[in-house]
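Reviewing the structure listed below.
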Amino acid sequence: MPTDDTDTVPGQLAFDVEAPRAVVDTPLPLVEPIDRATAHKQRLIGVVRRYADRSPRSQQTTLGASEIGTPCDRQLALKAVGAPTSTLPRDKWAAAVGTAVHAYLEKAFLADNARAEAEQDWDGGGWLTERAVDVGAGIGGTADLYEDRTVTDHKIVGDDTLAKVRACTCRPDDDACPHISTTYKVQAQLYGRGFVLAGWPVEQVAIAFWPRGNGAVLSKLHVWMDDYRPDVADRAIDRWQSILAAVLELDVEHHLDRAGLFATADAPCAWCPYFGPDRTGGSCTGHRPT
Ligand code: SF4
Ligand SMILES: [Zn+2]
């Protein structure tokens, strides 16, 4: 929702002297002559960078269920008007690992369907993987997994996130829980809503945190679960529609500085597509704690 942000200047959003830091990609040093291993390294990284830049996620412009639960109103306002995204050279490796593991997991669950069928160990519909869902209000997404009234979303996480989620002893419906991202929780509930709207029964939603950090072993998989709670999805959609209405009323599309009137949160800013910490390279200079 709009707030009174008095530090906003035309064409720029609020400046934060202690702005969060972006996770940037480090250019390789251009030192000549380079040895052949370094030259080969540059070619290998170049291929991955170019591939990551062309990935559907990098080019996504419509609002997805993975974004709507962000605690930052300004991020949604900027998304609503298609604001310029950051020109910071972001490191894409974590996203690449996440994409690759998602693809592997899909193969694993489809293979389990085939195994169950071959062994006549078939107790129902099997696993549904990578299903496009429509959650209403122009919001869509691709749900990772559904089986037996349970929607599961995969997250491939590093050590810090894994330690945080494993430390959680909060009730699943505790909105003040500092361990599990609200964005993730809302996303899971929105996927639940998408399946219900498509005619599938849903009773629970889950987030599977698969490890990718130091000492990553399968037994460190952490699963968070909650009842399917349609009120969470409804509230998220209502909030999005309120922000959209405010964006239209303020004509943010033609007055981008007015996005500075929307409340912020560290969503986190380091990964926000609009984050430009030094007044350049992005549409927002980051959340400033009060
Ligand atoms: S940079 Fe931070 S404060 Fe700005 S829109 Fe993104 S998440 Fe919100
Ligand atoms: Zn918690």
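The values are calculated or read from the model by the stated rules, or taken from the named source; none is laboratory data. Being a predicted model, the structure only gives us computed values, none of them experimental. In this analysis, Cβ positions are derived from the backbone assuming ideal geometry, glycine residues included, and neighbour counts consider all displayed protein chains.
Of the residues examined, residue 194 is one that is away from ligand 1 (no atom under 16 Å from the Cβ), small (Gly, Ala, Ser) and either on the phi < 0 side of the Ramachandran plot or not in a strand (DSSP E or B) (or both).
A single entry from 231, 226 fulfils the requirement of being within 16 Å of ligand 2 (Cβ to nearest atom) and either of a type outside the set (A, V, I, L, M, F, W, C) or not in a loop (DSSP other than H, G, I, E, B) (or both): 226. Taking region 89-143 as the range and being among the small types (Gly, Ala, Ser) and within 19 Å of residue 221 (Cβ to Cβ) as the test, the residues that pass are 94, 98, 100, 103, 108, 111, 143. Just to be sure, is residue 246 in contact (Cβ under 8 Å) with a residue 12 or more places away in the chain and not in a loop (DSSP other than H, G, I, E, B)? Spelling it out, residue 246 is indeed in contact (Cβ under 8 Å) with a residue 12 or more places away in the chain and not in a loop (DSSP other than H, G, I, E, B). When we screen 79, 92 for residues that are under 19 Å from residue 53 (Cβ atoms), of a type in the set (Lys, Arg) and either at pLDDT below 95 or surrounded by 15 or more Cβ atoms within 10 Å (Cβ to Cβ) (or both), the only hit is 92. Scanning region 248-290 for residues that are closer than 24 Å to residue 136 by Cβ, more than 13 Å from ligand 1 (Cβ to nearest atom) and of a type in the set (A, V, I, L, M, F, W, C) gives a single hit, 248. Please find, among 270, 265, 233, the residue that is in contact (Cβ under 8 Å) with a residue 60 or more places away in the chain and surrounded by 19 or more Cβ atoms within 10 Å (Cβ to Cβ). Of the residues listed, the single one that is in contact (Cβ under 8 Å) with a residue 60 or more places away in the chain and surrounded by 19 or more Cβ atoms within 10 Å (Cβ to Cβ) is 233. Taking the conditions (1) more than 16 Å from ligand 1 (Cβ to nearest atom); (2) touching a helix residue (DSSP H, G or I) at 6+ places or on another chain (Cβ under 8 Å); (3) over 26 Å from residue 142 (Cβ atoms); (4) aliphatic (A, V, I, L, M) in turn, residue 236 satisfies each one other than (3). Restricting region 149-189 to residues that are near ligand 2 (Cβ under 9 Å from one of its atoms) and β-branched (Val, Ile, Thr) leaves a set whose member that is surrounded by the fewest Cβ atoms within 10 Å (Cβ to Cβ) is 169. Against the list (1) surrounded by 14 or more Cβ atoms within 10 Å (Cβ to Cβ); (2) within 16 Å of ligand 2 (Cβ to nearest atom), the condition residue 283 fails is (2).
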